[in-house]
Amino acid sequence: MFARIAAGFLAMFAATAACAQIDLAAAFGARPELEHVSLSPDGTHMAYVVPTKGQGSALLTVALGQDSAKPLVAFAVDGDPERLAYCSWIDNERIACRIWGVVDNSRDSQTLAKYLSFSRTIAVDANGGNLRLLSRSSSAYARGYNLRGGEIVDWLPDEPGMVLMTRNQLADDQTGTRFGTSKSGMVVEKVNSRTLAASKVEPPREWVGNYLSDGYGNLRVMSVTQVKADDDNTGIQRFLYRDVGSRDWKPLVNYDYVKEEGFLPVAVDQARNAVYGFQKKDGRKAVYRMMLDGSGTQELVFARPDVDVDDLITLGRRNRVVGATFVTDVRQAVYFDADLAKLAGSLAKALPKQPKIRFEGASQDEKKLLIWAGSDQDPGLYYVLDRTTRQMAIFQPMRPQLEGLTLARMQPVNVTASDGAAIPSYLTLPAGVSGKGLPAIVLPHGGPDARDEWGFDWLAQYYAARGFAVLQPNFRGSAGYGDAWADQHGYRAWKTAVGDVTDAGRWLVKQGIADPAKLAIVGWSYGGYAALQSAVVDPGLFRAIVAIAPVTDLPLRAEQAVGFTNYQLVKDFVGTGPLAQEGSPARNAGRIRVPVFLAHGTVDRNVHVTQSRLMDDRLREAGVEHELLIFDKLDHYLEDSVARARLLTASDAFLRKSLGM
């Protein structure tokens, strides 16, 4: 039995329109109306984040099972610069939220150090009362730039209102040192979220990455970043553990983040006295379990022979590991918990049109579950399942603006590359269209060590709604397919990665799907780089290029990391020398023969806006028709509904003009 238990948002956040009046750019560009959804420990209330103006957000709470219940605004930020990263219940009345933002550090700097990101953790009552900043240490408060505001390590479900969290601490006297004394670094404290009374659990330590708790308030694993004498990050994380009841930290394992080698601890299993993590098996990531008794004993939990197992499924207030997920054509889950495996099978039968199903949260006794379900044609719905009554209620859709629209199907396909390799890809055709002789877009993903997967994609769906066939190739350099596929992560091996992208365009033409005179390429971040570089290596293939927040000059990208501890890692990642220069679109703009559309935010910490400004200059010098759209005070992801709608409208108009549509 289904019943809608939350009828809508507060009027200040609501927006509805008849299907015939829908502005497609506004509808698809809108931020999700529902994010960071969580269930209170007693299962009676829901907390969720909704978008407001610009990059702003508000935390709302609502009582479940009451038709007359109205959502309450517990907390809000305006997005300039503070934004909400997540919110979750501490106890039945108290909620913690992580706030983050980007601030301008220097008006003169042309490096990524110009923009500094910061974070803070706050706590607030469900009704908006007793707002408290949890990030501040009860010991000496961090002076100067206190950018990292601490993280909650354990929700301490047996101690209402309390959290176990990291905080920054600097010693009173910092003369002649960065973090030079034993009184400086990251501390762990047990904090009362109502009064801010705190007790220190772990002393300050320098270069600590994070801690893993067992869900019962006991810290069992600690990671420490290994650095050189000049504070350069080596890319190696050293993990230590402690025995049950002990205060002594002992070596556990080392993990190389650059090579992705070694065992990476992720979640502690208190009952087994073990930690779950990832380690490669035959060149692909698999789930292992390692004992925390000093023996180093490891057990393979789950592996796939074809793809990486890329995530653990955890549930409940104690972060209990219940399964793992992987992606073949479609993301799948394997459950280690027999009851959840049976329940997942039942849900799959009950929701055949929403085959992507996730357990998003649970009450403390796990008798009520928060479930998300969606598909390629459905952005997703949240449900609340009462396992005692076996009743499931609909909470709310994530994107109500799209209700009434027929969305396009996303079909897994294999693209044959010029060397015979099969490139796993996704093809989205306009709804109700035969798929022959269409205007078409190749849409390479960002990263590059990321991947596309089957499901709702607002960018692909928008262009499909505007009549384009959209092909998303998981080119070599993409994540998820093991070491051999990842190769050198798309930059140092750009010839292979970009070659796969251009082969995707040729495949569309060969299959008769694309009209060769109306074939374009659109990319964001690395995808924008690939879009531009494809026009350098194969000037006649794509007839129009859209590059959003692209890297355009590889040596410059490395130099823009100067001042950060990962400078050498970035330099090694993007490459140097003639190959990097040959692989830089801005240095080869004269080879581009088709119109180019560039878009970029001015506070992008991933890819500096000067990358697009440089491309703009070089295209102008080369006499290439192009446009540059700058979004002031927005970052890499342009998380502003109005800005995204503007991006979609402008890029669509550019494509239609350039392709003669």
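The values are calculated or read from the model by the stated rules, or taken from the named source; none is laboratory data. Please read all numbers here as calculations on a predicted model, not as lab measurements. Glycine gets a Cβ as well: all are built from the backbone with ideal geometry, and neighbour counts include every protein chain shown. These accessible areas exclude ligands, DNA and RNA; they are computed on the full protein's heavy atoms, side chains included. Shrake-Rupley method; radii C 1.70, N 1.55, O 1.52, S 1.80 Å.
Of note:
- If the condition is being farther than 17 Å from residue 522 by Cβ and open to solvent by less than 30 Å² (accessible area, probe 1.4 Å), then the range 578-594 contributes 580, 583, 584, 586, 589.
- Residue, most open to solvent (accessible area, probe 1.4 Å), within the range 55-70, restricted to residues that are of a type outside the set (A, V, I, L, M) and farther than 22 Å from residue 391 by Cβ: 70
- Number of positions in the range 71-97 that are acidic (Asp, Glu) and either surrounded by fewer than 16 Cβ atoms within 10 Å (Cβ to Cβ) or under 24 Å from residue 31 (Cβ atoms) (or both): 3
- Pairing residues of the range 517-541 that are without any contact (Cβ under 8 Å) to a residue 12 or more places away in the chain and over 11 Å from residue 501 (Cα atoms) with residues that are open to solvent by 20 Å² or more (accessible area, probe 1.4 Å) and not in a strand (DSSP E or B), at Cβ distances under 9 Å and at least 6 apart in sequence or on separate chains, gives no pairs at all.
- Taking every residue in the range 477-488 that is free of Cβ contacts under 8 Å to residues at least 12 places away in the same chain and pairing it with any residue that is open to solvent by 20 Å² or more (accessible area, probe 1.4 Å), at least 6 positions away or on another chain, the pairs with Cβ-Cβ distances below 6 Å are 485/476; 487/476.
So that you can scan it fast, the table gives a plain yes or no per residue for (1) of a type in the set (A, V, I, L, M, F, W, C); (2) farther than 22 Å from residue 367 by Cβ:
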| site | (1), (2) |
| --- | --- |
| 44 | no, no |
| 48 | no, no |
| 52 | no, yes |
| 55 | no, yes |
| 60 | yes, yes |
| 75 | yes, yes |
| 87 | yes, yes |
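- If you filter the range 529-554 down to residues that are open to solvent by 20 Å² or more (accessible area, probe 1.4 Å) and of a type in the set (D, E, K, R), you find that the one that is modelled with the lowest pLDDT is 538.
- All conditions in (1) touching a residue at least 12 places away in the same chain (Cβ under 8 Å); (2) closer than 25 Å to residue 451 by Cα; (3) open to solvent by 30 Å² or more (accessible area, probe 1.4 Å); (4) not polar (S, T, N, Q) hold for residue 380, with the sole exception of (3).
- Residue identified as over 25 Å from residue 411 (Cα atoms), open to solvent by 10 Å² or more (accessible area, probe 1.4 Å), of a type in the set (Lys, Arg) and touching a helix residue (DSSP H, G or I) at 6+ places or on another chain (Cβ under 6 Å) among 466, 557, 492: 557
- Of everything listed in (1) within 30 Å of residue 160 (Cα to Cα); (2) charged (D, E, K, R); (3) loosely packed, with under 14 Cβ neighbours inside 10 Å, the single unmet condition for residue 242 is (3).
- Among the residues making up the range 405-446, those that are at positive phi and free of Cβ contacts under 8 Å to residues at least 60 places away in the same chain are 420, 432.
- Residue ranges of helices (runs of 4 or more DSSP H) in the range 498-585 with at least 3 members under 21 Å from residue 624 (Cα atoms) and among the hydrophobic types (A, V, I, L, M, F, W, C): 526-537
- Count - residues of the range 625-649 that are outside any strand (DSSP E or B) and open to solvent by 30 Å² or more (accessible area, probe 1.4 Å): 9
- Residues in the range 34-68 that are at pLDDT 95 or above, in a loop (DSSP other than H, G, I, E, B) and at negative phi: 40, 41, 42, 44, 52, 53, 55, 56.
- With a requirement of 1 or more residues that are modelled with pLDDT of 95 or more and in contact with a Ser or Thr (Cβ under 7 Å, 6 or more places away or on another chain), the strands (runs of 3 or more DSSP E) lying completely within the range 382-465 that satisfy it span 410-416, 422-428.
- Residue in the range 606-624 that is in a strand (DSSP E or B) and crowded, with 22+ Cβ neighbours inside 10 Å present: no
- Test for residue 486: is it closer than 29 Å to residue 372 by Cα, of a type in the set (Gly, Ala, Ser) and within 26 Å of the chain's Cα centre (by Cα): no
- For the range 351-377, the set of residues classified as open to solvent by 20 Å² or more (accessible area, probe 1.4 Å), touching a helix residue (DSSP H, G or I) at 6+ places or on another chain (Cβ under 8 Å) and in a strand (DSSP E or B) consists of 357 only.
- Residue 384 over 30 Å from residue 504 (Cβ atoms) and β-branched (Val, Ile, Thr): yes
- For the residues 311, 293, 329, the requirement of being under 24 Å from the mean Cα position of the chain (by Cα) and part of a loop (DSSP other than H, G, I, E, B) singles out 329.
- Residue match in the range 56-78 (condition: in contact with a helix residue (DSSP H, G or I) (Cβ under 9 Å, 6 or more places away or on another chain) and either without any contact (Cβ under 8 Å) to a residue 60 or more places away in the chain or within 30 Å of residue 649 (Cα to Cα) (or both)): yes
- Conditions (1) of a type in the set (Val, Ile, Thr); (2) part of a strand (DSSP E or B); (3) open to solvent by 70 Å² or more (accessible area, probe 1.4 Å): number failed by residue 287: (3)
- Strands (runs of 3 or more DSSP E) contained entirely in the range 73-167, each with at least 3 residues that are modelled with pLDDT under 95: 83-89, 94-104, 115-125
- Criterion (over 21 Å from the mean Cα position of the chain (by Cα) and aliphatic (A, V, I, L, M)) met by exactly one of 443, 459, 405: 405
- The sole residue among 654, 597 that is assigned to a strand (DSSP E or B), at pLDDT 95 or above and open to solvent by less than 40 Å² (accessible area, probe 1.4 Å) is 597.
- From 618, 644, 613, residue being of a type in the set (Lys, Arg), in contact (Cβ under 8 Å) with a residue 24 or more places away in the chain and over 24 Å from residue 28 (Cα atoms): 618
- Strands (runs of 3 or more DSSP E) within the range 231-283 that include 1 or more residues without any contact (Cβ under 8 Å) to a residue 12 or more places away in the chain and over 22 Å from the mean Cα position of the chain (by Cα): 233-241
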